[in-house]
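Below: the structure, in structure tokens.
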Amino acid sequence: MAEAITAVIEPLEAQLLQGVALRVGLVVPISGVLGLVGPCAINCAVLASDEVNIAGGILGRPIELVLLDGGRPAEQVAAEVGELARSGVIDAVVGTCGSDVRIAIVRALAGGVPFVYAPPYEGGGKAPGVYFLGETPDRQLKPGLDWLIELRRARRWFMLGNDYIWPRLVHGAARRHLAARGATVVGEQYIPYGKLGLPQVMEQLVASRPDAVLLSLIGSDLVSFNRAYTTAGLGYPRLCGALEEHGLLGIGGDDTGELYGAMGYFSSLVTDDSLSLGERYTRRFGSNAPLLNGHGQGCYEAVLMLAALARRAGTLYVPAVDAVADGTSIVTARGRLTLQDHGVRRGAHIGRADGLDFDIVR
């Protein structure tokens with residue numbers, strides 16, 4: 001095995017001497033229900049690439065980002081990513097997209113190039129060359145569920161999500177945790193992308209008489225639901241696993257004190273690392289740039305982690321990278337992140353919507 005790895009690494013090292021750009025596929029949604037997170041995600045990846053290139057690039061080669069719209073149907077995205085990887089147009093993949101898109105990409109890549117996936121995800125999915133930076137349900141949502149059980153005595157829960165793998169597995173994990181805490185699920189519904197029938201959803205929600213709502217809708221569907229919810233004057237606490245700053249802006253803000261997001265990063269996080277990212281982002285893109293948010297910051301992390309993996313392995317050849325991935329570490333707005341078993345084990349913050357911002361409460 002070592003001889004095979006060496007045989008592949010040597011031609012790669014010869015390429016480095018030529019100083020050609022190392023092309024990284026950047027998969028972010030710029031269309032579809034998640035399109036609203038695209039602009040910040042692109043900016044954050046560009047910022048990270050700038051910083052990596054100033055430090056010497058990846059394996060001595062400057063990064064060149066290749067933008068791929070991750071908001072399209074999963075198989076369409078995967079076919080394009082897979083072809084670009086097989087033809088040598090891209091040397092690695094980073095980004096944020098729905099888990100259905102990620103799964104299709106992983107299948108298409110078949111371990112041919114590294115793939116650093118940024119957002120929260122449902123857990124599992126380990127495959128050669130795939131590295132997860134986001135939180136699994138246990139680390140993302142359990143603290144928020146416990147917070148509302150303790151703070152609001154939320155024993156009856158209604159669950160609403162889009163109809164794909166992430167909401168279904170997130171709800172499964174939440175259901176098990178709620179049962180362990182003596183709480184129950186009194187209603188559950190899954191909605192195809194862009195087909196949110198609000199009157200019917202609201203009718204089912206009210207009829208279930210919940211104490212709280214777990215929302216696993218994404219993007220524009222999450223925005224549409226929360227707008228309708230506010231208009232209807234409903235008062236149940238809502239915990240969201242995909243609500244970030246752009247979504248809150250799309251809703252028009254929230255002053256009820258009953259809307260919570262659970263994310264690893266909020267731009268209102270007051271730490272030296274978070275403030276430093278905010279300053280660099282504004283300096284690079286201006287004060288009117290798209291709002292920093294968890295999905296965008298995740299793309300910043302993904303580029304840095306790819307560079308760190310390549311530096312540690314001395315190559316982007318997947319078996320060699322996998323062999324040394326554990327222990328690879330970077331410092332970002334979330335602090336120090338270290339890979340363990342192809343993932344990062346960090347908890348999420350609970351942010352309560354306060355107008356157009358999040359007040360971190362736990």
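The values are calculated or read from the model by the stated rules, or taken from the named source; none is laboratory data. Values in this document were obtained by computation on a predicted structure and should not be read as measured data. Using ideal geometry, Cβ is built from the backbone for each residue, glycine included, and neighbour counts are taken over all protein chains shown. Just so you know, the surface numbers come from the protein's heavy atoms only, side chains and all, with ligands and any DNA or RNA stripped out. Shrake-Rupley method; radii C 1.70, N 1.55, O 1.52, S 1.80 Å.
In table form, for the structure just shown:
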read-out	value
Matching entry among Leu234, Leu239 (being under 19 Å from Trp157 (Cα atoms) and either modelled with pLDDT under 95 or more than 20 Å from the chain's Cα centre (by Cα) (or both))	Leu234
Residues located in region 310-348, provided they are of a type in the set (Ser, Thr, Tyr) and closer than 19 Å to Tyr121 by Cβ	Thr328, Thr332, Thr338
Members of region 266-303 that are of a type in the set (D, E, K, R) and either part of a loop (DSSP other than H, G, I, E, B) or over 18 Å from the mean Cα position of the chain (by Cα) (or both)	Asp272, Asp273, Glu279, Arg280, Arg283, Arg284
Hits in region 134-181 - residues which are of a type in the set (S, T, N, Q) and open to solvent by less than 10 Å² (accessible area, probe 1.4 Å)	Gln140, Asn162
Region 170-224, residues that are within 19 Å of the chain's Cα centre (by Cα) and not hydroxyl-bearing (Ser, Thr, Tyr)	Val170, His171, Ala173, Ala174, Leu214, Leu215, Leu217, Ile218, Gly219, Asp221, Leu222, Val223
Tally of residues being free of Cβ contacts under 8 Å to residues at least 24 places away in the same chain, among the hydrophobic types (A, V, I, L, M, F, W, C) and open to solvent by less than 40 Å² (accessible area, probe 1.4 Å) across region 276-334	2
Answer from Val185, Val223 - the residue that is over 23 Å from Gly125 (Cα atoms) and either open to solvent by 40 Å² or more (accessible area, probe 1.4 Å) or out of contact with any helix residue (DSSP H, G or I) (no Cβ under 6 Å at 6 or more places or on another chain) (or both)	Val185
Pairs, first without any contact (Cβ under 8 Å) to a residue 60 or more places away in the chain and among the β-branched types (Val, Ile, Thr) in region 176-190, second part of a strand (DSSP E or B) and open to solvent by less than 70 Å² (accessible area, probe 1.4 Å), C-beta under 8 Å, six or more apart	Thr184/Trp157; Val185/Trp157; Val185/Phe158; Val185/Met159; Val186/Trp157; Val186/Phe158
Pick from region 188-212, criterion open to solvent by less than 50 Å² (accessible area, probe 1.4 Å) and assigned to a helix (DSSP H, G or I), ranking: farthest from Ala232 (Cα to Cα)	Ser208
Members of region 140-168 that are part of a helix (DSSP H, G or I), within 20 Å of Tyr260 (Cα to Cα) and either hydrophobic (A, V, I, L, M, F, W, C) or touching a His at 6+ places or on another chain (Cβ under 7 Å) (or both)	Lys142, Leu145, Trp147, Leu148, Ile149, Leu151, Trp166
Qualifying residue in region 40-59 (condition: more than 20 Å from Val106 (Cβ to Cβ), touching a Leu at 6+ places or on another chain (Cβ under 8 Å) and assigned to a loop (DSSP other than H, G, I, E, B))	yes
Condition check for Asp91: under 14 Å from the mean Cα position of the chain (by Cα), under 18 Å from Val81 (Cα atoms) and among the charged types (D, E, K, R)	no
Enumeration of residues in region 69-108 that are touching a Phe, Trp or Tyr at 6+ places or on another chain (Cβ under 7 Å), open to solvent by less than 20 Å² (accessible area, probe 1.4 Å) and part of a helix (DSSP H, G or I)	Ser99, Arg102, Ile105
Within region 335-354, considering residues that are surrounded by fewer than 16 Cβ atoms within 10 Å (Cβ to Cβ) and in contact with a helix residue (DSSP H, G or I) (Cβ under 9 Å, 6 or more places away or on another chain), the one nearest to Arg227 (Cα to Cα)	Gly347
